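Nothing in this text is a laboratory measurement; each read-out follows from the coordinates by a stated rule. Here the structure is a predicted model, which is why all the values come from computation and not from measurement. Positions of Cβ are backbone-derived with ideal geometry, glycine not excepted, and every protein chain shown enters the neighbour counts.
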């Protein structure tokens, strides 16, 4: 099987650098560079029958930045139905502080 939606590393580096420049100018230091997403979240979303995953930007009451993850069905609808086991997942951790210091995208 051929990998789909793969970016060449030089394009990924450029696009990551573009985001850092925009975010630094707009937000200053401390802007979010990335999120770590536990595989268990993705596995549970896939088990719900999702065809893709949607990530919503969010913040807790104390200002911690987050991604809220939901399954998306084949029609593009969010799959949120707690009575039927379709949930909103929130176990992501932002970078900073959980950055990969040696990543070429950081």
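Full-extension gain between residue 91 and residue 43, please, as 0.36 nm times their residue separation minus the C-alpha to C-alpha distance.
Details: separation 48, 0.36 × 48 = 17.28 nm, distance 1.28 nm.
Separation in residues times 0.36 nm, less the Cα-Cα distance, equals 16.0 nm.
The gain in end-to-end length when the residue 103 to residue 84 segment is fully stretched comes to 2.9 nm, 0.36 nm per residue minus the alpha carbon separation.
Quickly estimate the mean residue ellipticity at 222 nm for the chain, helices only: each DSSP H run with n ≥ 4 gives -39500 (n - 2.57), and the total goes over all residues, rounded to 500. Intermediate results must be reported in sequence, preceding the final value.
On the way: 2 runs with 28 residues, N = 106.
Calculated at 222 nm, the ellipticity per residue is -8500 deg cm²/dmol.
Projected label points at residue 51 and residue 72, each 7 Å from Cα along the beta carbon direction, are separated by 1.1 nanometres. Look at the Cα gyration tensor of the stretch 32-95: its axes a ≥ b ≥ c give a/c of at least 1.5 with a/b over b/c, and that counts as prolate.
For the stretch 1-40, what class follows from the C-alpha gyration tensor (a ≥ b ≥ c being the square roots of its eigenvalues): rounded when a/c is under 1.5, otherwise prolate if a/b is larger than b/c, else oblate?
Working: a/c = 4.57, a/b = 1.54, b/c = 2.96.
Oblate, because a/c is 1.5 or more while a/b does not exceed b/c.
Note down the relative contact order for the stretch 32-95 as a percent, whole number, built from C-alpha pairs under 8 angstrom at least six residues apart. Normalised by residue count, the contact order of the stretch 32-95 is 39 percent.
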